[in-house]
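The next block holds one structure in the form of structure tokens; read it before the comments.
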Amino acid sequence: MLLEIVVTSRRSRQLIVQPEIPFLKWLRRFLARLGITGLMLVLVPLIISIMWLRYYGMPQQVKDLLLTELARHNIHVSVDRLLLDPTGGLLADRLTLYRKPDRQQILLQIDRARIDFAWLSWWQGKPFLQSASVSNADVSLPFGDKETIDFRQVNAKFNLTSTGLDVVSAEARLLNIQLLLQGRIRFKALPAQGKELTAEEKARRDALWRKIEDYAGEIETERPIKLQGEFDISATEPATSTAQVALFTRFARWRGVQVNELGLTAKLADGVLTLDDLHVRLARGEFSLYGQWHVTETKAQLEFSSNLDFTPLAPAFEPRWRDALYKLNFDSLPQISGRCDLDWTEKFNLSVNLDLDWRNFTYGSTTFEKFSLALAYDGHRLLVPDAQLLTGNGALNLEVYYDGNLPQAKARLTSTIDPTVFTGLFGDGADRFLNSCRLPQKGPILSLTASGTSLKLEDLLIKGSVTLGQFFYKNIEFKEATSNFTVENLKLTLPDLKVKRTEGQATGGIIYDFKNRTAQLVKFVTNLNVIEVAPVLGGKFPQYVNPYQFSAPPTLKVDGLVDLQDTKAKLDTNLTVDIDSSATMKWRLFKVDFVFTKPKGRLKFVDRHLTVSIFQSELFSGGFNGVLEMDISKPKADYNVTFAMTNADFAKLMKIVFNSDGTTGTLNGKTTFSGTLDDLESINGTGEMTITDGYLTSIPFLGGLSSVLNAVIPNFGFAKANRARANFILAKGYIETRDLEIYSSNFTLIGNGRYQFIDDDVDLNIRANVRGIVGLLLFPVSKLFEYHGSGSLKSVKWVPANF
């Protein structure tokens, strides 16, 4: 032997060493040195090659060899880089899997996959691809032009077989679902994509996936929801495929709502996809769904049943439905069951049969004994043969039929239920009306039929009648009301409305246009308190009638249109109100309360312009007629006034207007002026007046003059004037006359001047002429009886004008 041999004896453990020959010793050393050098010559290039292939990739020839071998298994891929794994496998970067060899339709994309390469089998010319795996990878499945379904944290191992692909294990995260899968896929070729979708179909598909993503994102769980599946799928013979799927989670939250349990089990066998169970449990009750689909057909069936108290789901809905659910409370669990048939042979069609039975529940403050509904819908026709709603003091019954093929819609409804219980269900427009109503005793007796081309309100003609007992509308109390009605083109017509209140009644027609927000009154006659009921017409109508305060309700005949859209630049309002009253009407004008007795007149509203015509009335115990035109578009309205007074009590006028006593007489006059409300300085106009049979010198501004002249003309202050007249103008806060004349049998007062009624300042010149022979004698010295008055109206100071 050339090498040392060491022998260990079991008994003596004695070492025996054979002597070494010097040449052999040299030869051993030489061979040893030569072996280390040769080994280095082999290992160093090998290590460098492995490192190069590990970091810079395999040559194109190896990549082509791999793609050819995969194509032999009907797997068509492309890779960016192919790297050598330290264990002898291959790492494929950015691997893309295609449906067809032309590589036009992408099936999925993987950021990195490991492929086990059997080098010895390759050397022997045998199949060398046996398995593949991915570890903590991201996989994208194209879904539309811009959308992808992204799988995260993918860990999977696959075995390639002669018939397909064995999934030894696969784990991935999709949205908030943890997938745990295993099984087998048998194929001769990957399944080709179906027919090209239209742009509309693509949009619906993409929108559906986005909704799924949104809904999944709203489910909160401590851990991902686990979905386990086993499958044996044949791409060439789908009918032989089998699969089983199970999903389960507890104590999840959806949109803030506690979901106690969510479970799903489904299977595929003999060409039938069966949803064995989909159930949702909340705090009270459960919803269950079952279904089947023959995968070779374009039809499926679903059946469901529920006694789920769904009111805890209120936070998950949009505000309108959320508010409605908050008002709902079930003492007994609500029962719902039904069946859905789906058919997408040509276009998607859904048929539904539904039975609903709710007992002992409350909505708001109203307790309901029962709500039952039977419904059938086949995608074109809807039938509700019986819907019933019962409360302790009312009932509603409804029948509906709709055929979309004709199209034709019919309905019949009877009700004695208070309609305000439906607040929050039918939109803002209905809520505005219902919130304005209050029925303290019982609901209206309502009966109607409907027909049209659809179930939309604008396409229906509704006819019926309604009778109400005591009710409040916009906080205005009414004793009762009756009317027939029609609804057409979003217009509610009450042709023969009769409404009663304590003070009287109203009869006539009303047409309310919901679309254009107008109210039209047709031959409406009322002796109701117009100020109290004015809010019923809405808009600014209460402001329009509030200045006219009647001691007892007048008889009003109303005809015309009221536009309720206050924000419009030009209103369509054109309303006439004829007034006939045997009582009094107080009208506050210029900060003075004028009381008209037995007024007969007319109010005319056009756009934002008001014309008040008083044809006949008593004012200050005399006759009065006039016209007021007013622009009511501004808080301080511009106006024009023309009026005439006949045989008015001058004493009453002085008392009410100037708070002055001691003056008597009969007044006749007329005037025309214009201005702005609450702005006395803006008044501008002219007029004339005459006063007869009175003690005129007791007028406040003449009181001081009477005392002065009494010293010259005995009993001047008590002389009864038989006539007085003056023309006057109104301008810039004053009234001015240039031809004031006051006559009695003994004297004549002739004057001119003005009164600043804003500042209460008198500036007046008066000359007293004695009538008769004495007057002729005194005429040469008549200038001695000229006086100038100044000061406030109640305390004018008179001084001789020429001294």
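The values are calculated or read from the model by the stated rules, or taken from the named source; none is laboratory data. Keep in mind that what you see is a predicted model, and the values were worked out from it rather than measured. FYI the Cβ positions are ideal-geometry reconstructions off the backbone, even for glycines, and counts take in every protein chain you see.
Looking at this structure, is residue 488 surrounded by fewer than 17 Cβ atoms within 10 Å (Cβ to Cβ), out of contact with any Asp or Glu (no Cβ under 6 Å at 6 or more places or on another chain) and under 17 Å from residue 437 (Cα atoms)? Outline the logic, then answer.
Details: surrounded by fewer than 17 Cβ atoms within 10 Å (Cβ to Cβ): yes; out of contact with any Asp or Glu (no Cβ under 6 Å at 6 or more places or on another chain): yes; under 17 Å from residue 437 (Cα atoms): no.
So residue 488 does not fit the description; no.
Would you please name the residue that is modelled with the lowest pLDDT, looking only at residues in the stretch 416-437 that are of a type in the set (Phe, Trp, Tyr) and under 21 Å from residue 513 (Cα atoms)?
Taking the stretch 416-437 and keeping what is of a type in the set (Phe, Trp, Tyr), we get 422, 426, 433.
With under 21 Å from residue 513 (Cα atoms) added as a condition, the list becomes 426, 433.
Details: 426: 74, 433: 84.
The selected residue is 426.
Could you tell me whether any residue of the stretch 334-341 is modelled with pLDDT of 95 or more, among the hydroxyl-bearing types (Ser, Thr, Tyr), within 25 Å of residue 279 (Cα to Cα) and in a loop (DSSP other than H, G, I, E, B)?
No, the stretch 334-341 contains no residue that is modelled with pLDDT of 95 or more, among the hydroxyl-bearing types (Ser, Thr, Tyr), within 25 Å of residue 279 (Cα to Cα) and in a loop (DSSP other than H, G, I, E, B).
Give the stretch 263-274 a look and list any residue that's of a type outside the set (Gly, Ala, Ser) and surrounded by 15 or more Cβ atoms within 10 Å (Cβ to Cβ), or say none.
Here is the first cut: in the stretch 263-274, the residues of a type outside the set (Gly, Ala, Ser) are 264-265, 267-268, 270, 272-274.
264, 265, 267, 268, 273, 274 - these are the residues of the stretch 263-274 that are of a type outside the set (Gly, Ala, Ser) and surrounded by 15 or more Cβ atoms within 10 Å (Cβ to Cβ).
Please determine, by comparing only the residues of the stretch 387-403 that are in contact with an Asp or Glu (Cβ under 8 Å, 6 or more places away or on another chain) and either of a type in the set (S, T, N, Q) or touching a residue at least 60 places away in the same chain (Cβ under 8 Å) (or both), which one is nearest to residue 454 (Cα to Cα).
397
I want to confirm something. Restricting to the stretch 291-317 and keeping residues that are among the charged types (D, E, K, R) and either modelled with pLDDT of 95 or more or touching a Phe, Trp or Tyr at 6+ places or on another chain (Cβ under 7 Å) (or both), which single residue is surrounded by the most Cβ atoms within 10 Å (Cβ to Cβ)? Let's see the steps before the verdict.
Here is the first cut: in the stretch 291-317, the ones among the charged types (D, E, K, R) are 297, 299, 303, 309.
Restricting the remaining residues to those that are either modelled with pLDDT of 95 or more or touching a Phe, Trp or Tyr at 6+ places or on another chain (Cβ under 7 Å) (or both) gives 303, 309.
Details: 303: 16, 309: 19.
Once the filter is applied, the top-ranked residue is 309.
Would you mention how many residues in the stretch 734-753 are touching a Leu at 6+ places or on another chain (Cβ under 7 Å) and crowded, with 18+ Cβ neighbours inside 10 Å?
Counting residues in the stretch 734-753 that are touching a Leu at 6+ places or on another chain (Cβ under 7 Å) and crowded, with 18+ Cβ neighbours inside 10 Å gives 3.
Could you check how many residues of the stretch 784-800 are without any contact (Cβ under 8 Å) to a residue 60 or more places away in the chain and either in a strand (DSSP E or B) or not assigned by TED's automatic domain parsing to the domain that holds residue 756 (or both)?
As a first pass, look at the stretch 784-800 and keep what is without any contact (Cβ under 8 Å) to a residue 60 or more places away in the chain: 784, 786, 788, 790-792, 799-800.
Of the ones still in play, those that are also either in a strand (DSSP E or B) or not assigned by TED's automatic domain parsing to the domain that holds residue 756 (or both) are 786, 788, 790-792, 799-800.
The qualifying residues number 7.
Output the strands (runs of 3 or more DSSP E) that fall wholly within the stretch 404-523 and possess 1 or more residues being of a type in the set (A, V, I, L, M) and within 28 Å of the chain's Cα centre (by Cα), or say none.
On the way: elements: 408-415, 445-452, 460-468, 471-473, 476-478, 480-488, 491-501, 504-513.
Passing ranges, in order: 408-415, 445-452, 460-468, 476-478, 480-488, 491-501, 504-513.
If the requirement is being surrounded by 17 or more Cβ atoms within 10 Å (Cβ to Cβ), under 25 Å from residue 462 (Cβ atoms) and at pLDDT 90 or above, which of these qualifies: 383, 398, 356, 413? Before you say what the answer is, go through the steps one by one.
On the way: 383 fails: surrounded by 17 or more Cβ atoms within 10 Å (Cβ to Cβ); 398 fails: surrounded by 17 or more Cβ atoms within 10 Å (Cβ to Cβ); 356 fails: surrounded by 17 or more Cβ atoms within 10 Å (Cβ to Cβ).
The match here is 413.
Across the stretch 576-593, what is the total count of residues that are basic (Lys, Arg) and assigned to a strand (DSSP E or B)? Let's see the steps before the verdict.
Step one: of the stretch 576-593, the residues basic (Lys, Arg) are 586, 588, 591.
Still in the list and also assigned to a strand (DSSP E or B): 586, 588.
Here the count works out to 2.
Criterion first (in contact with a Gly (Cβ under 8 Å, 6 or more places away or on another chain) and either modelled with pLDDT under 90 or not in a strand (DSSP E or B) (or both)) does residue 688 satisfy it?
Values: in contact with a Gly (Cβ under 8 Å, 6 or more places away or on another chain): yes; either modelled with pLDDT under 90 or not in a strand (DSSP E or B) (or both): no.
Against the criterion (in contact with a Gly (Cβ under 8 Å, 6 or more places away or on another chain) and either modelled with pLDDT under 90 or not in a strand (DSSP E or B) (or both)), residue 688 does not qualify.
Could you list, in sequence order, all residues of the stretch 503-542 that are touching a Lys or Arg at 6+ places or on another chain (Cβ under 7 Å), polar (S, T, N, Q) and more than 26 Å from residue 449 (Cα to Cα)?
505
Give me the residue from the stretch 227-262 that is small (Gly, Ala, Ser) and surrounded by 16 or more Cβ atoms within 10 Å (Cβ to Cβ) and, out of that set, farthest from residue 163 (Cα to Cα). Don't jump to the end; show me each part of the working.
If we filter the stretch 227-262 for residues that are small (Gly, Ala, Ser), which is where we start, we get 229, 234-235, 239, 241, 243, 246, 252, 256.
Within this subset, residues satisfying the condition of being surrounded by 16 or more Cβ atoms within 10 Å (Cβ to Cβ) are 229, 234-235, 241, 243, 246, 252.
Numbers: 229: 21, 234: 10, 235: 11, 241: 14, 243: 18, 246: 27, 252: 42 Å.
Only one residue fits best here, namely 252.
With the condition kept exactly as written, say whether any residue in the stretch 643-656 is acidic (Asp, Glu), out of contact with any helix residue (DSSP H, G or I) (no Cβ under 8 Å at 6 or more places or on another chain), crowded, with 16+ Cβ neighbours inside 10 Å and assigned to a strand (DSSP E or B). It would help to see each step written out before you state the result.
We begin by selecting, within the stretch 643-656, every residue acidic (Asp, Glu); these are 649.
Applying the additional criterion that residues be out of contact with any helix residue (DSSP H, G or I) (no Cβ under 8 Å at 6 or more places or on another chain) yields 649.
If we keep only those that are crowded, with 16+ Cβ neighbours inside 10 Å as well, we get 649.
Next cut, assigned to a strand (DSSP E or B) only: 649.
The answer is yes, given that some residue of the stretch 643-656 is acidic (Asp, Glu), out of contact with any helix residue (DSSP H, G or I) (no Cβ under 8 Å at 6 or more places or on another chain), crowded, with 16+ Cβ neighbours inside 10 Å and assigned to a strand (DSSP E or B).
On the given criteria, is residue 603 assigned to a strand (DSSP E or B), touching a Ser or Thr at 6+ places or on another chain (Cβ under 9 Å) and closer than 18 Å to residue 562 by Cα?
Numbers: assigned to a strand (DSSP E or B): yes; touching a Ser or Thr at 6+ places or on another chain (Cβ under 9 Å): yes; closer than 18 Å to residue 562 by Cα: yes.
Here the answer is yes, as residue 603 does meet what is asked.
From the list 512, 473, exactly one residue is touching a Cys at 6+ places or on another chain (Cβ under 8 Å) and surrounded by 15 or more Cβ atoms within 10 Å (Cβ to Cβ). Which is it?
Working: 512 fails: touching a Cys at 6+ places or on another chain (Cβ under 8 Å).
473 is the lone residue from the list that is touching a Cys at 6+ places or on another chain (Cβ under 8 Å) and surrounded by 15 or more Cβ atoms within 10 Å (Cβ to Cβ).
Return the residue satisfying two criteria in turn: it lies in the stretch 327-351 and is surrounded by fewer than 14 Cβ atoms within 10 Å (Cβ to Cβ) and acidic (Asp, Glu), and of such residues it is farthest from residue 309 (Cα to Cα).
346
Out of the residues in the stretch 237-255 that are small (Gly, Ala, Ser) and touching a strand residue (DSSP E or B) at 6+ places or on another chain (Cβ under 9 Å), which is farthest from residue 266 (Cα to Cα)?
Pass one, the stretch 237-255, residues small (Gly, Ala, Ser): 239, 241, 243, 246, 252.
Remaining after also requiring touching a strand residue (DSSP E or B) at 6+ places or on another chain (Cβ under 9 Å): 241, 243, 246, 252.
On the way: 241: 14, 243: 8, 246: 7, 252: 21 Å.
Filtering the stretch 237-255 for residues that are small (Gly, Ala, Ser) and touching a strand residue (DSSP E or B) at 6+ places or on another chain (Cβ under 9 Å), the one farthest from residue 266 (Cα to Cα) comes out as 252.
Can you name every residue in the stretch 553-571 that is more than 21 Å from residue 503 (Cα to Cα), of a type outside the set (A, V, I, L, M, F, W, C) and not in a strand (DSSP E or B)?
Here is the first cut: in the stretch 553-571, the residues more than 21 Å from residue 503 (Cα to Cα) are 559-571.
Add one more test, that the residue is of a type outside the set (A, V, I, L, M, F, W, C), and what stays is 559-560, 563, 565-568, 570.
Matches in the stretch 553-571: 565, 566, 567, 568, 570.
Return only the number of the condition from (1) out of contact with any Phe, Trp or Tyr (no Cβ under 8 Å at 6 or more places or on another chain); (2) over 16 Å from residue 304 (Cβ atoms) that residue 375 does not satisfy.
Evaluating residue 375 over (1) out of contact with any Phe, Trp or Tyr (no Cβ under 8 Å at 6 or more places or on another chain); (2) over 16 Å from residue 304 (Cβ atoms) leaves (2) as the failure.
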